[in-house]
1. Test residue 60 against the stated conditions and say whether it is open to solvent by 60 Å² or more (accessible area, probe 1.4 Å) and modelled with pLDDT under 95.
2. Can you tell which of 77, 36 is of a type in the set (Phe, Trp, Tyr), open to solvent by less than 50 Å² (accessible area, probe 1.4 Å) and not in a loop (DSSP other than H, G, I, E, B)?
3. Which condition number does residue 65 fail, the rest of (1) at pLDDT below 95; (2) open to solvent by less than 60 Å² (accessible area, probe 1.4 Å); (3) not charged (D, E, K, R) being met?
4. Kindly indicate which of 82, 37 is among the charged types (D, E, K, R) and farther than 17 Å from residue 17 by Cα.
5. When region 9-27 is examined, which residues are found to be within 21 Å of residue 72 (Cα to Cα) and either touching a residue at least 24 places away in the same chain (Cβ under 8 Å) or surrounded by 15 or more Cβ atoms within 10 Å (Cβ to Cβ) (or both)?
Amino acid sequence: GVEPSISIAIRDSERYVEVGIEAANTPPIEHVERLFEPFWSSDPAGLGIGLYQAKQMLEICRGTISATQSETGQLRFQIRIEK
């Protein structure tokens, strides 16, 4: 199979820091919007806790995290933390 390739971009503005993480060639995720729900995972071996905990920690720091997946399979996470 084709291995995923990952790229990371950091953008710093006056109000926030934004980190974008993109992974190409990822398998389709049927319910991307559910990735941050506790105990839900797109991976049968996953526990569904990691992204949920990441979201909780970011919210404590006045941050957000979101995920989208394009039709070509590119998975993108966007993390934004207010200054």
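The values are calculated or read from the model by the stated rules, or taken from the named source; none is laboratory data. Because the structure is a prediction, the values reported are computed rather than measured. As a convention, Cβ positions derive from the backbone with ideal geometry for all residues, glycine included, and neighbour counts pool all protein chains shown. Calculation scope for accessible area: heavy atoms of the full protein, side chains included, ligands and nucleic acids excluded. Shrake-Rupley method; radii C 1.70, N 1.55, O 1.52, S 1.80 Å.
1. Details: open to solvent by 60 Å² or more (accessible area, probe 1.4 Å): yes; modelled with pLDDT under 95: no.
In short, no.
2. 77 is the lone residue from the list that is of a type in the set (Phe, Trp, Tyr), open to solvent by less than 50 Å² (accessible area, probe 1.4 Å) and not in a loop (DSSP other than H, G, I, E, B).
3. If we test residue 65 against (1) at pLDDT below 95; (2) open to solvent by less than 60 Å² (accessible area, probe 1.4 Å); (3) not charged (D, E, K, R), just (1) comes out false.
4. Details: 82 fails: farther than 17 Å from residue 17 by Cα.
The match here is 37.
5. The initial filter retains those residues of region 9-27 that are within 21 Å of residue 72 (Cα to Cα), namely 9, 20-27.
Listed by number, the residues that qualify are 20, 21, 22, 23, 24, 25, 26, 27.
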